[in-house]
Amino acid sequence: MAIDKKLLKKESLDQLFSRLKSSGRSILAPVNRGEQIFFEQVNSPGEMAKDYIQTTLSAKGAVFPRCEELFSYRFEAQEVKLEDRKSEPKPTVIFGLRPCDAASFAVLNSVFTWDYQDELFKSRLEKTAVIGLSCKKADEYCFCASVGGGPGETQGSDILLTELSSGNYLAEIVTDKGRDLAALAPELFGPAPAEDKEKNLAAVAKQFELKTLNAKLSQLFDKNQLWVEQSLRCLGCGACAFVCPACVCFDLQDEAGRKGGVRLRCWDSCGFSLFTLHTSGHNPRSVQSQRWRQRLMHKFAYMPERQNFVGCVGCGRCSRLCPADMNLIEHLKEIAENRE
Amino acid sequence: MSEFEPKIIAFVCNWCTYAGADLTGTSRIKYASNVRMVRLPCTGRIDFMLLLKAFDQGADGIIVSGCHPGDCHYTAGNFHARRRWMVFRELLDFIGIDLRRIHFAWISAAEGGKFAEFVNQVTGEIKKLGPYESFQKAMSAGIE
Amino acid sequence: MTANLYKPYLMRIEKITEEAPGVRTFRLKFVNEDEGKNFSFQAGQFGLYSVFGEGESTFCIASSPTRQGYIECTFRQMGRVTTALARCEEGSVIGFRGPYGNIFPLPDWKGRNLLFVAGGIALPPLRCVIQNALDRRENFKDLTIIYGARTVADLVYKHELGEWSKRGDVKVITTVDPGGETPDWKGEVGFVPAVLEKAAPTSANTIALVCGPPIMIKLTLPVLAKLGFTPENIYSTLENRMKCGVGKCGRCNVGKLFVCKDGPVFTLAQLNTMPPEY
Amino acid sequence: MEELRKKAREALASGAAQVVLGYGKGSGKKARAVFIRKPDQADKLILDDSCVQNLAVYLKKPEVRALGKPAIVSRLPTMRALLQLASENQVAEKDLLVLGVSHDGKLLDLPEFKAMEDYVATAPLELTAEERAELDKIQKLSLDERWRYWQEQFAKCVKCYACRAACPLCYCANCLAECNQPQWLPVPSHQRGNLEWHIIRAMHLAGRCVSCGDCSRACPAGIPLHLLNRKLAEELFRNFKSRAGMSAKGEYALGVFKPEDKENFIK
């Protein structure tokens, strides 16, 4: 369906927020917390962080919480009673999500629905709407343009806002969900502004060809030396996976007392040695270089083939926040340019 | 409304305080029934995490007790424990856990009276503090 | 509430069989009989068995789909969940999710010989096929089972091994590692690959199913090749650590393939094209 | 910087070391660890204020150990980490070279651990006014405020264990976070799991932490974890006059005791 272009005045945000709230939706938006910026519940636009390139964590937790209950159980003598999760996801609008992060929901969805349907995830996704915000600024870690995105990409957002020189916003209403949101306050969305969207966007260069990278990767599995060299300074923490908006890998954990308990799903990282450790002590990916290879292969070789999605949206968080300065884009370029 | 009856967990060493508590009983000295005892071989074995786990399981107060310095059945377990508690208390205080809810004592096998007195005193103090809700509430957060 | 992928069936442990030191077989029945009636699976598939409060563990379904009304699993007490399982008693309730994974293509094997080669605790995945083949004996020609364990005590399904060899229409060769025999041991003494070589079953019109510890598989494959088996006719199962069983949690993959989705059954021809990540 | 490169070249050329563990140019304003194996690559080494990572952390990594005997570019925290690791029998003097760097960027001649101990002994280890103020700011809060402050901090934790991975003293082959019989530490990063992890981490480093601050630098969520360690290090010094990482034969403050240790909190 065609994208509706409208003008949303900066003064109208207050109104929009209150309409969203009175419709029963909660609003998640970037909030300053010291030097970090996190997505948190807000009531008005005034609480939001200003002038940032990227939030510290993505908004992944809104659809894929870092710790969520799958079901609970009670012990009754020899019997066990299972109970479905009691809390249903609440309708939520994520405001100010960058286009890269907005694109990540489709990546997550591809894993949760490529075969078996994960209804728990789907119910959260269904209740979540995204009002994205184009990027005026980018830094050296941003590489959305290399993985099929862009600083003003509409795909993934239900409404995408682009800040114009006046401070007002070009509002691109992309999906039906977006139309539903706009319909809550139709008077706030005026006729489309004349100003060109592109000149209000950051410049993000394309640094490699995905197809080349993909083709190279499929030849490189057993080039051990490459993986060892690339990952020498990697410390083996899970920071890259946990800040990644597109990392899906998870763990299932039981937590129970004598009367009952819960089964939880929580984020996990392929960078941990425990991730694949067999009970016998055997580990198919026993050293960090193999785990680094898995991280790259999974995102840039396996997922494109199995789920039809690149497992990366180019937000650059993994590189920005890596304690050992493992710069993903550098390594990807090295592989794309590999001559072996 | 009935009076708040705190749950107090006592981590005690097998050789002194547990025997001391026994003596309290056989001497028919009355003491507050709010205390549940966990007997461990030595105060040196009382892992600091046990204290947190006790709070997590709903304890409002904690007693840690063992042999007097010099009387340890394993020679020096209580000396080691003492250093660890010192450091642990500083950490807990720093992160805002209420030290008034954790009480330490040396109680020997002969001090049945001291045990009763100590338990009563601690129970009284914890009663005044009320349930440790701020901890228990915080600990149930973070699961969606 | 919509269907929850991760919510298991409740199963009651109907019977516990001590197979070997630390190894038990559970016979499980659905607590909810309707769930049981709608449940079906095929040989080769696996499930996630859970002890509530501890977690889930992955094993194959060791009984045959031809024997309805229950499923069986055999496990060795090793980690957190299997230790908790080992503490369970008859009548206890555990969880089961499944069936997951691909299957042994039994219908394709009609009219062929089947050779089973197994070591240690790896007989259960093949037992499902063996039972299946015995229940449909007319569909297959010669059946040969070569099974070895470290010691006589470590052999699992001792009772069934005896029954199978008494039938007359199955050739059963059991062996134990040198030093593992008892004075009254009547089977072979020696490692599985050597026993296989000595038995020298024909490769003509034969499918070989191999399951066992990595070292046994490694040494068995050359023997099978020597006997003339082609990689397309050698089947095995892979095991990798799993959490979800449904292709999402991201840990059981071997290259781009998920053991939980594309496996656990693979032919040697397939394994030869896969990276060594298992 | 030139002097360091020269020394690195010599160490590699003479075979005194097989790899120089130093700092190279990283992305943005960051420096990153480099592993120089050939003399002609020594020019990649840099030395400036961005070079803060404690490189002793790489001694626990099998792939790095496989490169052979290392020469480690070491500022004070790295030296202290090496001494502490030596006192815990994790590294031996003969297995590494130290390319010491003073706080003002001068190269130090530290042929053996003894020389390093002498250098560390003269270094000012008292907290700076700024460091003290960071601690005081929290200590001055009321009990409730402190609780809320740390609960907010820990709520940001995603349990990526970057604090553990970046710490040179967190070298346990089986961290208790990975032991599951019983599951002593909750796996998920809910509030209880986070609190327990950070308490355990701080306690297990008490008397061992050399105050390099890499835990906080590594934390993607920006939790000031170093304050927990600093607080305990200060208490250990105040009460027992003990500092970690001062000697290759140092005593672990929580592994020893004095009968006269203070006990005013015990009835």
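The values are calculated or read from the model by the stated rules, or taken from the named source; none is laboratory data. Computed from a predicted structure; not experimentally measured. Don't worry about glycine lacking a Cβ; one is built from the backbone with ideal geometry, like all the others, and counts go over all protein chains shown.
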For residues in the stretch D:73-108 being of a type in the set (D, E, K, R) and within 17 Å of the chain's Cα centre (by Cα), which is surrounded by the most Cβ atoms within 10 Å (Cβ to Cβ)? D:Arg80
Is there a residue being under 18 Å from the mean Cα position of the chain (by Cα), within 27 Å of C:Thr267 (Cα to Cα) and either more than 14 Å from chain A (Cβ to nearest Cβ) or without any contact (Cβ under 8 Å) to a residue 12 or more places away in the chain (or both) anywhere in the stretch C:48-57? no
Only one of (1) part of a helix (DSSP H, G or I); (2) over 15 Å from the mean Cα position of the chain (by Cα); (3) under 19 Å from B:Glu3 (Cβ atoms) fails for B:Gln121. Which number is that? (2)
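If you check D:Val91, D:Val98, which single one turns out to be of a type in the set (Val, Ile, Thr), in contact with a strand residue (DSSP E or B) (Cβ under 6 Å, 6 or more places away or on another chain) and without any contact (Cβ under 8 Å) to a residue 40 or more places away in the chain? Before the answer, list the steps.
Numbers: D:Val91 fails: in contact with a strand residue (DSSP E or B) (Cβ under 6 Å, 6 or more places away or on another chain).
Only one candidate passes the filter, namely D:Val98.
For every residue, the table says whether it meets (1) assigned to a helix (DSSP H, G or I); (2) farther than 30 Å from A:Arg66 by Cα.
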{"residue": "D:Ala221", "(1), (2)": "no, no"}
{"residue": "D:Pro224", "(1), (2)": "no, no"}
{"residue": "D:Leu228", "(1), (2)": "yes, no"}
{"residue": "D:Glu235", "(1), (2)": "yes, yes"}
{"residue": "D:Ala244", "(1), (2)": "no, yes"}
{"residue": "D:Ala248", "(1), (2)": "no, yes"}
{"residue": "D:Ala253", "(1), (2)": "no, yes"}
{"residue": "D:Lys258", "(1), (2)": "no, yes"}
{"residue": "D:Lys262", "(1), (2)": "no, yes"}
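So is A:Ala102 out of contact with any Lys or Arg (no Cβ under 8 Å at 6 or more places or on another chain), of a type in the set (A, V, I, L, M) and within 24 Å of C:Lys243 (Cβ to Cβ) or not?
Details: out of contact with any Lys or Arg (no Cβ under 8 Å at 6 or more places or on another chain): yes; of a type in the set (A, V, I, L, M): yes; within 24 Å of C:Lys243 (Cβ to Cβ): no.
So A:Ala102 does not fit the description; no.
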Output for the stretch D:199-219, where each listed residue is within 16 Å of A:Gly238 (Cα to Cα) and either assigned to a loop (DSSP other than H, G, I, E, B) or within 11 Å of chain B (Cβ to nearest Cβ) (or both): D:Cys219
Looking at (1) part of a loop (DSSP other than H, G, I, E, B); (2) within 11 Å of chain B (Cβ to nearest Cβ); (3) of a type outside the set (Phe, Trp, Tyr), which is the one condition that is false for D:Pro111? (2)
Condition broken by D:Leu45, with the remaining ones in (1) within 12 Å of chain A (Cβ to nearest Cβ); (2) of a type in the set (A, V, I, L, M, F, W, C); (3) under 20 Å from A:Gln230 (Cα atoms) satisfied: (1)
Could you please give the count of residues in the stretch A:222-276 that are within 11 Å of chain C (Cβ to nearest Cβ), farther than 26 Å from A:Arg320 by Cα and part of a loop (DSSP other than H, G, I, E, B)? 4
Strands (runs of 3 or more DSSP E) enclosed by the stretch A:1-66 - at least 3 residues per element that are loosely packed, with under 15 Cβ neighbours inside 10 Å and at pLDDT 95 or above: none
Tell me, yes or no, whether the stretch D:142-165 has at least one residue that is within 19 Å of the chain's Cα centre (by Cα) and exposed (fewer than 13 other Cβ atoms within 10 Å of the Cβ). no
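It is to be established whether one or more residues within the stretch C:146-153 are of a type in the set (Val, Ile, Thr) and within 12 Å of chain A (Cβ to nearest Cβ). Full working, then the answer.
Residues of the stretch C:146-153 that are of a type in the set (Val, Ile, Thr), as a first pass: C:146, C:151-152.
Imposing the further condition that a residue be within 12 Å of chain A (Cβ to nearest Cβ) reduces the set to none.
No, the stretch C:146-153 contains no residue that is of a type in the set (Val, Ile, Thr) and within 12 Å of chain A (Cβ to nearest Cβ).
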Of the numbered conditions (1) within 25 Å of A:Gly261 (Cα to Cα); (2) away from chain A (no Cβ under 12 Å); (3) buried (at least 23 other Cβ atoms within 10 Å of the Cβ), C:Pro99 fails exactly one; give the number of that condition. (3)
Among the residues of the stretch C:121-140, is any of a type in the set (Gly, Ala, Ser) and part of a loop (DSSP other than H, G, I, E, B)? no
Is at least one residue of the stretch B:122-129 touching a helix residue (DSSP H, G or I) at 6+ places or on another chain (Cβ under 6 Å), away from chain D (no Cβ under 12 Å) and not β-branched (Val, Ile, Thr)? no
Across the stretch D:33-69, what is the number of residues that are touching a residue at least 12 places away in the same chain (Cβ under 8 Å) and not in a helix (DSSP H, G or I)? 18
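For every residue, the table says whether it meets (1) modelled with pLDDT under 95; (2) under 27 Å from A:Asn308 (Cα atoms).
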residue	(1), (2)
A:Ser157	no, yes
A:Thr162	no, no
A:Thr175	no, yes
A:Gly178	no, yes
A:Ala194	yes, no
A:Lys197	yes, no
Which of the numbered conditions does B:Ile107 fail, given that it passes all the others? Conditions: (1) within 11 Å of chain D (Cβ to nearest Cβ); (2) touching a helix residue (DSSP H, G or I) at 6+ places or on another chain (Cβ under 7 Å); (3) within 30 Å of D:Leu135 (Cα to Cα). (3)
For the stretch B:108-141, enumerate the residues that are surrounded by fewer than 18 Cβ atoms within 10 Å (Cβ to Cβ) and of a type in the set (S, T, N, Q). B:Asn120, B:Gln121, B:Ser134, B:Gln136, B:Ser140
If we keep just the residues of the stretch C:108-120 that are part of a helix (DSSP H, G or I) and out of contact with any Lys or Arg (no Cβ under 8 Å at 6 or more places or on another chain), which is farthest from C:Asp142 (Cα to Cα)? C:Asp108
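Quick one: would you say B:Leu50 is of a type in the set (A, V, I, L, M) and either more than 14 Å from the chain's Cα centre (by Cα) or at the interface with another protein chain (Cβ under 8 Å from one of its Cβ atoms) (or both)?
Working: of a type in the set (A, V, I, L, M): yes; either more than 14 Å from the chain's Cα centre (by Cα) or at the interface with another protein chain (Cβ under 8 Å from one of its Cβ atoms) (or both): no.
Against the criterion (of a type in the set (A, V, I, L, M) and either more than 14 Å from the chain's Cα centre (by Cα) or at the interface with another protein chain (Cβ under 8 Å from one of its Cβ atoms) (or both)), B:Leu50 does not qualify.
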All conditions in (1) assigned to a loop (DSSP other than H, G, I, E, B); (2) modelled with pLDDT under 95 are true of D:Ala177 except (1)
The stretch A:78-95, residues that are modelled with pLDDT under 95 and more than 10 Å from every other protein chain (Cβ to nearest Cβ): A:Lys90
Of the residues B:Gly70, B:Gly44, B:Gly58, which single one is within 21 Å of B:Leu99 (Cα to Cα), at pLDDT below 95 and in a loop (DSSP other than H, G, I, E, B)? B:Gly58
Could you check the stretch C:221-240 and list, in sequence order, the residues that are outside any helix (DSSP H, G or I) and either farther than 15 Å from C:Val265 by Cα or in contact (Cβ under 8 Å) with a residue 60 or more places away in the chain (or both)? C:Leu227, C:Gly228, C:Phe229, C:Thr230, C:Tyr235, C:Thr237, C:Glu239
May I ask you to say which residue of D:Tyr119, D:Tyr149 is farther than 22 Å from D:Ala42 by Cα, out of contact with any helix residue (DSSP H, G or I) (no Cβ under 6 Å at 6 or more places or on another chain) and within 14 Å of chain B (Cβ to nearest Cβ)? D:Tyr149
